[in-house]
Amino acid sequence: MLCWERREMDFEELKRYSALHPKPAGLTLQYGTAGFRSKAQQLEHVMFRMGLLAALRSRAMGATIGVMVTASHNPEEDNGVKLIDPLGEMLHPSWEEYATQLANAEDQELQEIVTEICQKAAVNQRKDASVFIGRDTRPSSKELSQAVIDGISVLGGQYHDYGLVTTPQLHYMVCCQNTQGQYGKPTLEGYYQKLSKAFTELIKKSLSSGEAQRQLKIDCANGIGALKLAEMETYFPKEVQVQVYNDGTKEKLNYLCGADFVKVHQKPPKGLDMKPNESCCSFDGDADRIVYYYKDTAGHFHLIDGDKIATLISIFLKELLAKMGQTLKMAVVQTAYANGSSTRYLEETVKVPVHCVKTGVKHLHHKAQEFDVGIYFEANGHGTVLFSKAAENTIRQLAKEEKDVAKREAAKVLENMIDLINQTVGDAISDMLVIEAILALKGLTLQQWDALYNDFPSRLLKVQVADRQVIDTTDAERRAVTPPGLQEKIDALVKKYKLSRAFVRPSGTEDIVRVYAEADTQENADALAHEVSLAVYHLAGGKGAPPQPI
Ligand SMILES: CC(=O)N[C@H]1[C@@H](OP(=O)(O)O)O[C@H](CO)[C@@H](O)[C@@H]1O
Ligand SMILES: [Mg+2]
């Protein structure tokens, strides 16, 4: 029953609370690839309104909804917020629009927009609303999450504030809650216990068990990952020793460190002392991304990104499925930013189908759900593995009942993998444990993993334009449909270089156009990226000075 209108009292409350979190007049923001992101001081009204929206979404779904206050890898001064749907997925796209409307409503329009959403989305006001809240370590996050709580409360919703958690931990809690504990216990202890139990089982089986300790240096981007790893330490098996760097006690969040910095700049983070051939990895600010790296004896830096993580996991899972004697449908999902060499290696050597989708985790996650085993990773290190319910049931049954020892053992390893992987979203802690377990079980070093294939030289650039929406794309963002002439120009430029490809698309998180190019040499990749940038600048309304050669 759509009875929001009948609760006159609540409108007064809404007005009163809304006035405590006023919207700066004229400010418009959009629920983008990763929710709302902006300077922290611009976001109080957005947080309050996302509290409102979460309560409405909870009523519409009859389930607990998550609200995470974080701006991930953005500078410390920024903040952001995203909603989590009942099974731990990203908010459904149909509600992203409501989120944008609500965030941009002027204070006096708020009541009208709330009523409209209730009507359009058939929100039953009599149902209970339940929301889980979490936040990262930014100085602004505590106060902003209080504004979220105000929004939930004013609509009569219940909330549980988990306080400081990683983004994937909150996704996990929401999923546990809505599956009545089937996915695990919705507590931090439940999360640590589930992961460490699965990891310990796996590491026990590894050849190196008892011989050598695994050592790993972790750059936590001065963020939440450090706190959560410290909490988890007591649960770790002694076979693995982690050393945490950039734990946030001295330096600023994400400053010259973290997964995004390492990936973009292709160099080690500040504050991590790296000796030749030591295994190192970086989390991002909210610990949902991870990249690995090492320095060789000649001092060269080697980055092992999301593409190589997807490759390692694919090889391992494919072998296990074969050992188990099952022909489950497995596929890898990437975006256009995946290095072409990884796509070729996966298709031709690992022999696993690869699909390319639009940038943004929700697109990858959605596609991966089509398979029994769907592995998805963005090149920047955000990804996970999804197992269909049917595949999971088969695996668990074989692990229990299969008579053939080799098959049963393979099923047991897979079963533990299922428990170790956070299937709700990419999770740096979980992915790290998955990788460490695979490396241990396969007896692989980081150098051997890195040597599976060589990345094609590539370059990622940003171009400033007056309105990035003038660029429209198709074919999973690999071809530009508008402005006229741009794609033809890119095609002509690509023809000039060997083994090359290039594409452009408007960013979903920054006010810029991204240009990506690959070619046979780094010089050519740089030159191609630069020429394409100039084409964007001239044909798509470039702003400021023209792009300079690299
Ligand atoms: C090239 C690139 O790394 N793009 C990132 C970035 O999106 P853009 O839409 O390109 O700004 O942020 C997204 C959210 O974190 C992430 O999913 C995506 O991979
Ligand atoms: Mg992140």
- Please state which of the following conditions TYR255 fails to meet, knowing it meets all the rest: (1) under 25 Å from ARG505 (Cβ atoms); (2) surrounded by fewer than 18 Cβ atoms within 10 Å (Cβ to Cβ); (3) within 16 Å of ligand 2 (Cβ to nearest atom). (1)
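Yes or no, residue by residue, for (1) within 22 Å of the chain's Cα centre (by Cα); (2) in a loop (DSSP other than H, G, I, E, B):
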position	(1), (2)
ALA221	yes, yes
LYS228	yes, no
GLU233	no, no
GLN241	no, no
LYS250	no, yes
ASN254	yes, yes
PRO268	yes, yes
- Message: Please go through region 271-289 and give me each residue that is more than 16 Å from ligand 1 (Cβ to nearest atom), outside any strand (DSSP E or B) and surrounded by 15 or more Cβ atoms within 10 Å (Cβ to Cβ), ordered by number.
- Response: GLY271, LEU272, MET274, GLU278, SER279
- Item | Per-region count, region 465-509, residues crowded, with 17+ Cβ neighbours inside 10 Å, touching a residue at least 60 places away in the same chain (Cβ under 8 Å) and in a loop (DSSP other than H, G, I, E, B) | 5
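For residues in region 399-436 being of a type in the set (Gly, Ala, Ser) and out of contact with any Cys (no Cβ under 9 Å at 6 or more places or on another chain), which is surrounded by the most Cβ atoms within 10 Å (Cβ to Cβ)? Even if it seems obvious, please write down each step before you answer.
Restricting attention to region 399-436, the residues satisfying the condition of being of a type in the set (Gly, Ala, Ser) are 399, 406, 410-411, 426, 428, 430.
Pick out the ones that are also out of contact with any Cys (no Cβ under 9 Å at 6 or more places or on another chain) and you get 399, 406, 410-411, 426, 430.
On the way: ALA399: 20, ALA406: 11, ALA410: 23, ALA411: 26, GLY426: 28, SER430: 30.
Going through the qualifying residues, I end up with SER430.
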- Message: Kindly evaluate ARG468 against the criterion of being of a type in the set (Lys, Arg), modelled with pLDDT of 95 or more and within 16 Å of ligand 1 (Cβ to nearest atom).
- Response: yes
- Task: Could you check, for region 292-302, whether at least one of its residues is under 19 Å from LYS412 (Cβ atoms) and either among the acidic types (Asp, Glu) or touching a Pro at 6+ places or on another chain (Cβ under 6 Å) (or both)?
- Result: no
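Within region 235-252, take every residue that is away from ligand 2 (no atom under 16 Å from the Cβ) and in contact with a strand residue (DSSP E or B) (Cβ under 8 Å, 6 or more places away or on another chain) and give me the one that is nearest to ALA221 (Cα to Cα). Don't jump to the end; show me each part of the working.
Applying the first criterion (away from ligand 2 (no atom under 16 Å from the Cβ)) to region 235-252 yields 235-245, 247, 249-252.
After this cut, where a residue has to be in contact with a strand residue (DSSP E or B) (Cβ under 8 Å, 6 or more places away or on another chain) as well, the list is 236, 239-245.
Values: PHE236: 21, GLU239: 25, VAL240: 21, GLN241: 19, VAL242: 15, GLN243: 13, VAL244: 10, TYR245: 8 Å.
For region 235-252, the residue satisfying everything is TYR245.
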- Task: Among the numbered conditions (1) within 13 Å of ligand 1 (Cβ to nearest atom); (2) over 13 Å from GLU378 (Cα atoms), tell me where TYR292 comes up short.
- Result: (1)
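Take the residues of region 198-210 that are part of a helix (DSSP H, G or I) and not aromatic (Phe, Trp, Tyr): which is farthest from GLY134 (Cα to Cα)? Walk me through how you get there before you give the answer.
Residues of region 198-210 that are part of a helix (DSSP H, G or I), as a first pass: 198-205.
Next cut, not aromatic (Phe, Trp, Tyr) only: 198, 200-205.
Working: ALA198: 25, THR200: 28, GLU201: 30, LEU202: 30, ILE203: 31, LYS204: 34, LYS205: 35 Å.
Filtering first and then ranking leaves LYS205.
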- Check ASP78 against each of (1) closer than 21 Å to LYS358 by Cβ; (2) within 16 Å of ligand 1 (Cβ to nearest atom); (3) surrounded by fewer than 24 Cβ atoms within 10 Å (Cβ to Cβ) and name the one condition it does not meet. (1)
- For THR394, state whether it is of a type in the set (S, T, N, Q) and within 16 Å of ligand 1 (Cβ to nearest atom). no
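Could we say that GLY62 is out of contact with any Pro (no Cβ under 6 Å at 6 or more places or on another chain), under 23 Å from LYS358 (Cβ atoms) and not assigned by TED's automatic domain parsing to the domain that holds ASN246 here?
Here the answer is no, as GLY62 does not meet what is asked.
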- Message: Step by step: first the residues of region 319-364, then only those that are away from ligand 1 (no atom under 12 Å from the Cβ) and in contact with a His (Cβ under 9 Å, 6 or more places away or on another chain), then the one that is farthest from LEU398 (Cα to Cα). Which residue is that?
- Response: VAL333
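Within region 294-311, which residues are of a type outside the set (Asp, Glu) and touching a residue at least 40 places away in the same chain (Cβ under 8 Å)?
So in region 294-311, the residues of a type outside the set (Asp, Glu) come out as 294-295, 297-304, 306, 308-311.
Correct list: TYR294, HIS302, LEU303, ILE304, GLY306, LYS308, ILE309, ALA310, THR311.
When region 24-67 is examined, which residues are found to be among the aromatic types (Phe, Trp, Tyr) and in a strand (DSSP E or B)? Before the answer, list the steps.
As a first pass, look at region 24-67 and keep what is among the aromatic types (Phe, Trp, Tyr): 31, 36, 48.
Residue satisfying the conditions is PHE36 alone.
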- Query: Looking only at region 503-550, which residues are within 14 Å of ligand 1 (Cβ to nearest atom) and more than 30 Å from GLU96 (Cα to Cα)?
  - Reply: ALA517, GLU518, ALA529
- Query: Hey, which of the strands (runs of 3 or more DSSP E) in region 344-392, taking only ones fully inside, have at least 3 residues that are in the same structural domain as ASN416 (by TED's automatic domain parsing) and out of contact with any Lys or Arg (no Cβ under 6 Å at 6 or more places or on another chain)?
  - Reply: 373-377, 383-387
- Yes/no for ILE313 being away from ligand 1 (no atom under 16 Å from the Cβ) and within 30 Å of ASP85 (Cβ to Cβ): yes
- Mind telling me which of the residues ILE203, ILE224 ends up being touching a helix residue (DSSP H, G or I) at 6+ places or on another chain (Cβ under 7 Å) and either at negative phi or touching a residue at least 40 places away in the same chain (Cβ under 8 Å) (or both)? ILE203
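Based on what the data block shows, is ASP260 at pLDDT 95 or above, within 16 Å of ligand 2 (Cβ to nearest atom) and not in a helix (DSSP H, G or I)? Talk me through it step by step, then tell me what you get.
Details: at pLDDT 95 or above: yes; within 16 Å of ligand 2 (Cβ to nearest atom): yes; not in a helix (DSSP H, G or I): no.
The answer is no for ASP260.
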- Of the residues in region 171-218, those that are among the basic types (Lys, Arg) and at pLDDT 95 or above number 4
- What are the pairs, 6+ residues apart or on separate chains, where a residue within region 151-178 that is outside the structural domain of LEU102 (by TED's automatic domain parsing) has its Cβ under 6 Å from a residue that is surrounded by 21 or more Cβ atoms within 10 Å (Cβ to Cβ) and at pLDDT below 95? none
- Task: Using the structure shown, decide if GLY35 is buried (at least 24 other Cβ atoms within 10 Å of the Cβ), away from ligand 1 (no atom under 16 Å from the Cβ) and under 29 Å from ALA287 (Cβ atoms).
- Result: no
- Task: Could you tell me whether LYS407 is over 27 Å from ASP475 (Cα atoms) and not in a helix (DSSP H, G or I)?
- Result: no
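The values are calculated or read from the model by the stated rules, or taken from the named source; none is laboratory data. Quick caveat, the model's predicted, so the values are computed rather than measured. Because the Cβ atoms are built from the backbone with ideal geometry, glycine has one as well, and the counts that use them run over all protein chains shown.
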